[in-house]
Amino acid sequence: MIRVAVLGATGYAARELIALLLRHPEVQITALTTRQEDQPHLGDVHPTLRGRLDMQLQNLTTAEVAHSADCIFCCLPHAASAAVVSELLAADCRVVDFSADYRLNDADVYSQWYGVTHPDADRLGKVPYGLPELYREQLQGARLVANPGCYPTAAILALAPLLKSGAISPEGIVIDAKSGVSGAGRSAKAHLHFPEANENLLPYGVGTHRHTPEIDQVLSNYAGVTTDVVFTPHLVPMDRGELITAYANPGATNSGNDGLQTEELLAILRQHYADEQFIRVIEGIPGTKSVAGTNYCDITVRRVRGKVIVISAIDNLIKGASGAAVQNFNLMYGFEESAGL
Ligand SMILES: NC(=O)C1=CN([C@@H]2O[C@H](COP(=O)(O)OP(=O)(O)OC[C@H]3O[C@@H](n4cnc5c(N)ncnc54)[C@H](OP(=O)(O)O)[C@@H]3O)[C@@H](O)[C@H]2O)C=CC1
Ligand SMILES: CC(=O)N[C@@H](CCC(=O)OP(=O)(O)O)C(=O)O
């Protein structure tokens, strides 16, 4: 049994994570943390978990967390996470970090997009990026994993195989993305209030969203090219779910009107993901309901006039966060990759 602690246990990602961990055969949850002093009961914080684990959340020091657990799932916001993670690693814990703090390789790029100086910059570039479908070997046995952002997960899984095969060009990729409101976390913000978010479809972070460099970094490194994606997220009045529609120009192996057509593009995706149990390459159109509450990513592709259109859907809280974290945890410890999922 691996003793596991969840930091930031009052949040949405933690709620989904705890639900998954409770059915993991190799996990014992030993600590749940909050900054609150009054030690709320898990069932009161997350009513969906009532009766499933009799445990209170506690305001613990990093040393207390390290003492109570072997592996820590750090569900804290970016910038708050890295300082804690570096102490946990020094105390010989393993960590799955949900935040963006270890995803980017370059401290200057981090400062530019996150507006703060990285507190553990020396570690950047040495932490495996938690997309098993692309980086499984690096994740096996890892002591720290940078769990990906939700939008990057959907975008990269859709685009990476087509980019690597040359079916799409690295130049001119446009990613239109949509997310349910839980993607923004549980803390109150004006644009997330019911009268603001309900019945509203709201683009945000246009040209400035911090997932842009994350998507570029991973796509470029994986495919051995340089991308410069245009990424526009939208807030959709749904609880959960995420869908991306990406538009790309045909690549070197796909030029002219007699270039690769839909069936051939689908075949590239099918071949790439043939052994992946959580990726479903489908002929139909992905939708958020088809993946809700699951660790699946559904993907399709079409050749439309001069463009290639790739569509993917995930549950932002599962494949976009907690499900990916459990998948990574399984690789870190050599468990069945689908355990708990
Ligand atoms: N929601 C999603 O779809 C996704 C989220 N993520 C990432 O997962 C992590 C958790 O996200 P999510 O659950 O949505 O966020 P929430 O805001 O719902 O939860 C985060 C929790 O962290 C605690 N917290 C907040 N600020 C601080 C701080 N400065 N220092 C210490 N603790 C703090 C809070 O708990 P308390 O007040 O009780 O201390 C809060 O409940 C984030 O890094 C997020 O970016 C990644 C992919 C998708
Ligand atoms: C709807 C919404 O607000 N979504 C979040 C992304 C959630 C996520 O993936 O967050 P991290 O990269 O910070 O881990 C956002 O756009 O900021």
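State whether the residues of the range 82-92 include one that is more than 26 Å from Met332 (Cα to Cα), at pLDDT 95 or above, of a type outside the set (D, E, K, R) and buried (at least 16 other Cβ atoms within 10 Å of the Cβ). No: zero hits. Number of residues in the range 78-104 that are within 17 Å of Tyr129 (Cα to Cα) and touching a Phe, Trp or Tyr at 6+ places or on another chain (Cβ under 9 Å) equals 14. Taking Glu214, is it surrounded by fewer than 19 Cβ atoms within 10 Å (Cβ to Cβ) and at negative phi? Here the answer is no, as Glu214 does not meet what is asked. Condition (residue is in a loop (DSSP other than H, G, I, E, B) and either touching a Gly at 6+ places or on another chain (Cβ under 8 Å) or closer than 15 Å to His24 by Cα (or both)) applied to the range 301-315: is it met by at least one residue? Yes, some residue in the range 301-315 is in a loop (DSSP other than H, G, I, E, B) and either touching a Gly at 6+ places or on another chain (Cβ under 8 Å) or closer than 15 Å to His24 by Cα (or both).
Any residue that is closer than 19 Å to Ser99 by Cβ, modelled with pLDDT of 95 or more, within 16 Å of ligand 2 (Cβ to nearest atom) and crowded, with 20+ Cβ neighbours inside 10 Å - is there at least one of those in the range 21-39? Within the range 21-39, none of the residues are closer than 19 Å to Ser99 by Cβ, modelled with pLDDT of 95 or more, within 16 Å of ligand 2 (Cβ to nearest atom) and crowded, with 20+ Cβ neighbours inside 10 Å.
Within the set Val116, Val84, Val96, the sole residue that is within 13 Å of ligand 1 (Cβ to nearest atom) and within 25 Å of Thr208 (Cβ to Cβ) turns out to be Val116. Within the range 145-174, the residues that satisfy the criterion of being farther than 18 Å from Leu265 by Cα and in contact with a helix residue (DSSP H, G or I) (Cβ under 6 Å, 6 or more places away or on another chain) are Val145, Asn147, Gly149, Cys150, Tyr151, Pro152, Thr153. Cβ-Cβ distances below 7 Å connect the following pairs, each with a first residue in the range 23-37 that is among the polar types (S, T, N, Q), a second residue that is surrounded by fewer than 12 Cβ atoms within 10 Å (Cβ to Cβ), and a separation of six or more residues or different chains: Gln28/Met1. Take Asp106 and tell me if it is away from ligand 1 (no atom under 11 Å from the Cβ), outside the structural domain of Val230 (by TED's automatic domain parsing) and not small (Gly, Ala, Ser). Answer is yes for this residue. Please indicate, with yes or no, whether at least one residue in the range 180-189 is assigned by TED's automatic domain parsing to the domain that holds Ala160, small (Gly, Ala, Ser) and modelled with pLDDT under 95. Yes, that holds for at least one residue. Among the candidates His234, His191, His211, the residue that is closer than 12 Å to Ala155 by Cβ and within 16 Å of ligand 1 (Cβ to nearest atom) is uniquely His211. When Cys75, Cys71 are checked against the criterion of being touching a strand residue (DSSP E or B) at 6+ places or on another chain (Cβ under 7 Å) and surrounded by fewer than 22 Cβ atoms within 10 Å (Cβ to Cβ), a single residue qualifies: Cys71.
When the range 1-19 is filtered for residues that are crowded, with 21+ Cβ neighbours inside 10 Å and either outside any strand (DSSP E or B) or not hydrophobic (A, V, I, L, M, F, W, C) (or both), the ones remaining, listed by number, are Gly8, Ala9, Gly11, Tyr12, Ala13, Ala14, Arg15, Glu16, Leu17, Ile18. Residues of the range 226-250 that are in a loop (DSSP other than H, G, I, E, B) and farther than 22 Å from Cys297 by Cβ: Thr226, Asp228, Pro237, Asn249.
The values are calculated or read from the model by the stated rules, or taken from the named source; none is laboratory data. The structure presented is a predicted model; accordingly, all values stated were derived computationally and were not measured. Reconstructed Cβ throughout: ideal geometry from the backbone, glycine too, with neighbour counts over all protein chains shown.
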